[in-house]
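Q: One structure, pasted below without further comment.
Just so it is clear, none of the values below were taken in a lab; they were calculated from the coordinates. Note that the structure is predicted; figures quoted are calculated from it, not measured. Neighbour counts run over all protein chains shown; Cβ positions are idealised from the backbone, glycine included.
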Amino acid sequence: MLILYLDAQNKLTCMQVITGTVNQAVVFPREVIKHAILSGACAIIMVHNHPSGNIKPSDSDIRITNTIKDVCKSLDIWFTIISLSEELITIPLERRELYFNGGE
């Protein structure tokens, strides 16, 4: 899993890579929020892969995502998750437009 932390201008302030096993990665919502606060992030993008090809989230995926989403909402930090498999990328519909300037 890759977690990107962005500032108010959508510039990357911090990046976190979470490794796991073949079928799971352990994510601690407390650590995600801690990185967001310490880096001054205004937005978090979690990129989560499903190597099996089945992008249906597990109960654990849903629980952890909802916990992080709820805390981010209360802290006014925008949050989304992008799920990847070999053939498909899914991005939730309720997202704001992000504009990146790679040249700066």
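Q: What is the local net charge at N66, summed over the other residues whose Cβ is closer than 13 Å to its Cβ (Lys, Arg +1; Asp, Glu -1)?
A: Summing Lys and Arg as +1 and Asp and Glu as -1 gives 0.
Q: So for each of 13-22, 34-43, 59-68 I average, over its residues, the number of other beta carbons within 10 Å; can you give me the resulting order with the highest mean first?
A: Numbers: 13-22: 11.8, 34-43: 16.8, 59-68: 15.0.
Highest mean packing first, the order is 34-43, 59-68, 13-22.
Q: Let me ask something else. Provide, in order from the shortest bin, the percent of all Cα-Cα pairs of segment 1-66 in each 5 Å bin, continuing until the bin that contains the maximum pair distance.
A: 4, 16, 26, 24, 16, 10, 4, 0
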